[in-house]
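Below is one structure, written out as structure tokens, with a few remarks after it.
The values are calculated or read from the model by the stated rules, or taken from the named source; none is laboratory data. This one's a predicted model, so the numbers in the text were calculated from it and none came from an experiment. Here the Cβ positions follow ideal geometry from the backbone for every residue, glycine too, while neighbour counts run over all protein chains shown.
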Amino acid sequence: MTDLSLNPPQSILVFRIGQLGDTIVALPAMWAVRKQFPDAKLTLLSDRHPDKRYVLGADLLRGAGLFDAFESYVVDKSARGKITKPFQMLKLLWRLRRGNFDTLVYLAPSTRTSAQVERDRSFFTKVGIRHFVGTRGFAELPQKIPGQPLGATPSESDLILLRVAADGIAVPEVRKKYFDLGLGDADESEIAEWLKKLSPDGGRKWIGIGPGSKMAAKRWPEERFRDVVATLIERFDVWPVTFGGAEDAVLGNRLHSAWKRGYNAAGKLSLRGSALALRHCVFLLTNDTGTMHLGAAASVPCVALFSAREWPGMWFPSGEKHWIFRSKIECEGCSLVECIERKNECLQRITTAQVLSACQTMLAENPLEIPFCADTSRPT
């Protein structure tokens with residue numbers, strides 16, 4: 001391992017792929033690198049899916065004061081994409097070589113296999129990079145044992161921090177992780193312009209709603225969102241604000257038509273504008289989505305509804321005062337994108353009454369600090 005304190009890097013390439021949530025959970029590691037090497041040029045390399053409505057890291061972080069430049073490469077899983085992939089990777093190789101990067105900060109997902117890590121390391125070596133941070137120390141994730149609950153893991157954010165710390169990067173304590181998005185005047189102006197076109201909220205408390213997800217296997221039933229929020233409106237006179245991408249706008253319209261109040265911000269605000277609007281919310285009721293991580297990064301307490309498709313803990317929202325619902329079920333750890341056979345049974349087990357109770361707790365004067373809740377409305 002190179003001692004970076006003796007030979008500080010001048011040009012760092014930070015590799016992080018994935019969507020909105022993937023980018024947000026890696027923020028503490030990104031900021032740790034920026035703070036340790038304030039004079040280095042930092043460039044973020046992420047994947048781009050032109051045929052899908054996925055979020056680019058640059059969409060969120062441009063203007064945050066974290067990166068100096070952004071690079072991306074195309075992921076195309078079509079037949080044509082498979083044919084052109086070698087050519088596209090060669091173009092990326094030569095483009096990155098022109099960047100003269102001396103160090104790679106490897107923030108690949110914790111699920112990366114050793115073969116994938118070695119493949120990536122070989123590619124970045126060909127780019128001309130000689131110093132690597134984060135390619136070692138991948139945690140061994142719990143294996144599924146029939147008849148037993150799936151083992152819990154630290155959060156993806158903490159797993160990444162452990163890897164970069166092993167290579168000499170000073171990382172923050174768990175409770176002091178830094179998720180700053182560098183929100184500023186431009187983001188404030190966006191919110192002000194958006195609100196000018198809408199009816200006034202009457203001074204009511206905002207509650208955020210994140211009812212969508214690109215994965216069908218992560219969606220709690222729409223009618224349960226509708227019923228929970230309708231009861232909260234009746235009992236607490238709250239003002240619901242729906243968040244998400246453009247693909248969630250129609251869903252938001254249906255819900256607001258039933259509630260007869262609130263704002264549908266899905267697809268209307270930028271990611272940074274959404275983060276600022278989320279700060280106005282008392283809490284966020286949400287599926288396991290990028291919206292949830294955006295809310296957590298904005299220090300908004302979440303009532304988060306998880307499927308059992310992945311390890312408990314890995315993708316829980318960072319921070320405190322969250323209610324997290326996740327069922328224990330014999331098929332957990334399935335990694336399904338769509339659950340056809342069991343029709344999202346793990347999410348179906350989370351009842352309207354349980355979620356309503358958690359939301360009412362959030363609206364109390366002094367919400368309880370509740371780290372986890374599974375198949376029950378009581379904290380475990």
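Summary table
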item: For Glu345: the one exception among (1) under 18 Å from Met215 (Cα atoms); (2) surrounded by fewer than 18 Cβ atoms within 10 Å (Cβ to Cβ); (3) in contact with a strand residue (DSSP E or B) (Cβ under 8 Å, 6 or more places away or on another chain); result: (3)
item: Residues satisfying the stated conditions in segment 206-235, i.e. farther than 29 Å from Lys52 by Cβ and either touching an Asp or Glu at 6+ places or on another chain (Cβ under 8 Å) or of a type in the set (Gly, Ala, Ser) (or both); result: Ala230
item: Leading residue by the ranking (surrounded by the fewest Cβ atoms within 10 Å (Cβ to Cβ)) among those in segment 260-309 that are touching a Pro at 6+ places or on another chain (Cβ under 6 Å) and not in a strand (DSSP E or B); result: Gly262
item: Only listed residue being closer than 27 Å to Lys82 by Cα and not acidic (Asp, Glu), chosen from Pro38, Pro50; result: Pro50
item: Selected residue (only one of Glu247, Glu234 is charged (D, E, K, R) and in contact (Cβ under 8 Å) with a residue 12 or more places away in the chain); result: Glu247
item: The lone exception for Ala192 - which of (1) surrounded by 13 or more Cβ atoms within 10 Å (Cβ to Cβ); (2) among the aliphatic types (A, V, I, L, M); (3) without any contact (Cβ under 8 Å) to a residue 24 or more places away in the chain it fails; result: (1)
item: Asp39 vs. criteria at pLDDT 95 or above and either outside the structural domain of Ala249 (by TED's automatic domain parsing) or surrounded by fewer than 16 Cβ atoms within 10 Å (Cβ to Cβ) (or both); result: yes
item: Matching residues in segment 63-99 - criterion: being over 22 Å from Glu247 (Cβ atoms), outside any strand (DSSP E or B) and within 20 Å of the chain's Cα centre (by Cα); result: Gly63, Ala64, Gly65, Leu66, Phe67
item: Which listed residue is under 16 Å from Met362 (Cα atoms), touching a residue at least 12 places away in the same chain (Cβ under 8 Å) and among the aromatic types (Phe, Trp, Tyr), from Trp311, Trp323, Trp315, Trp259; result: Trp323
